[in-house]
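*Asks:* Take this structure first; my questions come after.
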Amino acid sequence: MNITRHISLDDDHIEKMKQYIDKQNGNFGAALREMINLAEKYSYRSNSSAIDISLLNWILSEIDGILIPDEILDETINPTLINSMGELEEYLKRRFSELEWGTDIVLKYDRDSFPSDVLVEIKGHSQRIKFVACIICQYLVKNSLIQAPLEIKKVTGSNECVKVELLRSSIKDAKKSLCTFFGERDEVMKTIKSRPAFWKALIDRHLISNYNMVTVHRNYFEDILSDRVPLGEIMIENLAKKPVRDIPLPEMLYLIKEVYETSRIADRVEIDKDTIALFHNFRTKEAIEKLKNSLVLLLESSGHLYDAATVANMIVLRHRPDVGTKINEIVSNLKTSKSTFDKELLVFMAYLKGIRDIPDIPLTLTSLGRRTGIYLMQEYERENSIKKWDLDNFSKAITIIDSRLHRESEWNLEGNDLLYTIKKCSLVTEGNSFDKYICHTIRETFKGALHYAFGSKAEFIVNKSVIQGDNLCEVMIRIP
């Protein structure tokens, strides 16, 4: 029913209505009805407010890579809509149409309930369609986990269209895919918000020092204070989420670059195939030497032999697979079929005598000794059914090895520390001559055995050494 009313409007009100009058081809009544409908539409939006387009785009760019809190997501899209893709699509179209973002949403799926294949297609403004894609994908992943988890497999798009493909998967892979494609900054922001004072102080210190701060793992720092060569294994393993020995060489080099640059141990790390160059600003020769040795040992612990050279403010590490092959041949001689622990020790004694036939003595002996120590402990562990190493069974194993190698040694417990003393070593001394190469190899063998039994927590302190001019070798072993 149409009702005619007479109303009075000022010229400025009529001017404000002009765009609606023009749109309705001069029909004043139709223009007025359109304005009333728009006013009614906005009045039903609880807690809504108009926002400038440029400000909206800035907000969307700032939250890019951050996931919406679950409680906000549940308020935005009803979780029960996951039971029907058709109803969900209809709701999304209506919801974002009300926002007037100019987005067009299409859902394609293999079944209406608990689909195993979903394709989300969104068209519109580039900044907004990415945010809408994030909301929809977060909703699909979160609410599908209980019945039929959906994993984001692929995200493709241009400035005006985004397509997301989701497939049935596991809960773990579904959650991971959401962070990979849409939540790359989410964990960082949550971490900063959880301890804002800490992170603000840390950032301030880096800025004040012009990024000359160094941030390393506590164990790495403790090794430096203890005057030991820090390996940095823990930092690498934490990032890779697996032991260093299981990390392929290309991935290992990438992790070294990431860890050493972000911790600011190095200014820059460059990788060229399997060669790595580390640029630094350390001033003392001792510090540079310790850094070089730590990198060599870190790579060795992952099964890759490298030699290193220092040039000005740069350490260059070159892969030596040829030396690694030679060491593999030597160690494989210990792994003869049907061999016993005693036979392996005899082989060990034999190749120690011919040690000068190996190229690149200093580098080779370190790796050779450590790997031999690991293998000898593995064989002893197998033959004696060792389930867990402690100082008691470790000292017994080393005592047996020493007796077979014609070395006189003793162990003394001092509190929680174990004192290991080598009184005589026939392998190192023949007549009046002293073989420093064999001595070095045996010491590295002991270190390899110690590291195999107790890992990086074992502390190795040299009290006396014949290499340093003492008449015997004495080391303190400390297990926290």
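*Asks:* Let me know the Kirkwood hydrodynamic radius for segment 56-185, please, with Cα pairs as the basis and the value in Å to one decimal.
*Replies:* About 14.6 Å, per the Kirkwood formula over Cα pairs.
*Asks:* Additional query: Report, to one decimal in Å, the Kirkwood hydrodynamic radius for segment 101-255 based on all distinct Cα pairs.
*Replies:* Mean inverse Cα-Cα distance, inverted, gives 19.2 Å.
*Asks:* Can you tell me what the convex hull of the Cα atoms of segment 200-319 projects to on average, as an area in nm²?
*Replies:* Convex hull of Cα atoms, orientation-averaged projection: 7.5 nm².
*Asks:* Cα-Cα over 20 Å: which of Lys190/Lys257; Lys193/Lys241; Lys424/Lys464; Lys257/Lys290; Lys423/Lys447?
*Replies:* Beyond 20 Å between Cα atoms: Lys190/Lys257; Lys193/Lys241.
*Asks:* I need to check one value: relative contact order of segment 192-307, counting alpha carbon pairs closer than 8 Å and at least 6 residues apart, in percent.
*Replies:* Working: 104 pairs, mean separation 26.9, N = 116.
For segment 192-307, the relative contact order is 23 percent.
*Asks:* Among Ile66, Ile315, what is the fewest-to-most ranking by other Cβ atoms within 10 Å?
*Replies:* If I rank by nearby Cβ atoms, fewest first, I get Ile66, Ile315.
*Asks:* Taking the Cβ-Cβ separation of Ile51 and Thr284 as r and a Förster radius of 41 Å, what is the calculated FRET efficiency to the nearest 0.05?
*Replies:* On the way: r = 57 Å, r/R0 = 1.40.
My answer for the efficiency is 0.10.
*Asks:* Just need the relative contact order of segment 56-185 here, percent rounded to a whole number, with Cα pairs under 8 Å and 6+ apart.
*Replies:* Relative contact order here is 25 percent.
*Asks:* Highest mean first, how do 229-240, 144-155 rank when packing is the count of other Cβ atoms within 10 Å averaged over residues?
*Replies:* Those peptides, ordered most packed to least, come out 229-240, 144-155.
*Asks:* Something else: Give the dimensionless ratio obtained when the Cα radius of gyration of segment 370-428 is divided by 2.2 N^0.38 Å.
*Replies:* 1.18
Taken together, the values in this text are just the output of simple stated rules run on the coordinates, not laboratory data. None of these values were measured; they are calculated from a predicted model. Positions of Cβ are generated from backbone atoms using ideal geometry, with glycine treated the same way; all protein chains shown enter the neighbour counts.
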